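One structure is given here, and the rest of the page talks about it.
The numbers here are math on the coordinates, done by the rules we state, and not lab data. Fair warning: this is a prediction, and the values are worked out from it, not measured in the lab. All Cβ positions, glycine included, derive from the backbone under ideal geometry; neighbour counts span all protein chains shown.
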Amino acid sequence: MNGLHRANRTAVFFGGVRPASPEEEKLAEEIGHALAEAGYRLLHGGYNGLMEAAARGASSAGAPITAVTLADKHDEWGAFNPYATASVHLPDLGARLNHYLDHADLVVAMGGGIGTLHELTAAAYYATTIRPVLVVLAGAMALRLLDFLREEKWLYETPTRPLGFLRTAESADAFRAHLSALHTTPIGGA
């Protein structure tokens, strides 16, 4: 491992089952690989699309990958992607979100559907209310969403709700730069 190593850290990946583009899928895989190289284990939904791409990248660098799902939906939603090395089956959506966020040292969110949007907004609320957790929005779809949320004032900074936990990454190199800065910059810092 290189100087980025963050032993025993957990990254949570939120991303949809239908990648917006081949570029977004490639970025998810590169992010997964960068996380594993930096010593993070990966928690994700366990299914296909961007989740599978991130897991494939993390797996290629030897990271443990845990799929987190709802106990009563697993049969309906199907088998986990082949990269999951462990699984957690929780009773409800609240328990699932709490599991993700209580274990997160870092959250990565990419494009997706309503489920991914729900996970992202829960992570943003958690980072401003419960404890600071770095949230990185990556890829064109997530960056457009962030622009919209800021423009429409769904997301804005106040003294009691600072947004220093949010970062953006248009590329794998930008994401790696965030990882390398984690050991020198506090999460709420500039």
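Count the net charge of all other residues whose Cβ sits under 15 Å from the Cβ of residue 164, scoring Lys and Arg as +1 and Asp and Glu as -1. Each step should come with its number before you reach the end.
Values: positive: 131, 150, 161, 167; negative: 157.
Counting the neighbours of residue 164, the net charge comes to +3.
Springs between Cα atoms under 10 Å define the GNM used for the chain, and in it the highest mean-square fluctuation of 81, 48, 98 occurs at 98. A simple charge model with +1 on the Cβ of Lys and Arg, -1 on the Cβ of Asp and Glu and nothing else charged puts the dipole of the chain at about 440 debye relative to its Cα centre.
Decide, for segment 78-190, between rounded, prolate and oblate: order the square roots of the alpha carbon gyration tensor eigenvalues as a ≥ b ≥ c, take rounded if a/c falls under 1.5, and otherwise choose prolate if a/b is larger than b/c, else oblate. If you can, show how the numbers build up before the last one.
On the way: a/c = 1.43, a/b = 1.34, b/c = 1.07.
Verdict is rounded for segment 78-190.
Of all the options 141, 110, 51, the one that moves most in a Gaussian network model of the chain with Cα springs shorter than 10 angstrom is 141. Close amide-amide hydrogen proximity is noted between residue 9 and 41, each under 5 Å apart and 5 or more residues distant or on a separate chain (H modeled in the peptide plane; Pro and chain starts excluded).
Largest mean-square fluctuation among 79, 54, 124, in a Gaussian network model of the chain whose springs join Cα atoms under 10 Å apart, belongs to 79. Pairwise Cα distances in the chain exceed 27 Å in 20 percent of cases. Which shape class applies to segment 20-88: rounded if a/c is under 1.5, otherwise prolate when a/b exceeds b/c and oblate if not, where a ≥ b ≥ c are the square roots of the Cα gyration tensor eigenvalues? Here segment 20-88 falls in the oblate category.
Taking Cα centre as origin and charging only the Cβ of basic (Lys, Arg, +1) and acidic (Asp, Glu, -1) residues, the dipole magnitude of segment 42-125 rounds to 200 debye. Rounded to the nearest 500, the 222 nm mean residue ellipticity of the chain from helices alone is -13000 deg cm²/dmol, with -39,500 (n - 2.57) taken per DSSP H run of at least 4 residues.
Check every DSSP H run in the chain and write down those whose alpha carbon atoms cover 18 angstrom or more along the long axis and whose mean Kyte-Doolittle hydropathy is -0.5 or greater. Please report the intermediate quantities before stating the final value.
Numbers: long enough: 22-37 (23 Å, -0.79); 114-129 (22 Å, 0.42).
In the chain, the long hydrophobic H runs are 114-129.
Would you mind calculating the relative contact order of segment 59-183 from Cα pairs under 8 angstrom and at least 6 residues apart, reporting the percent as a whole number? Once normalised by length, the contact order is 19 percent. Distance from the Cα centroid of segment 6-29 to that of segment 54-77 is 11 Å (rounded to whole angstrom).
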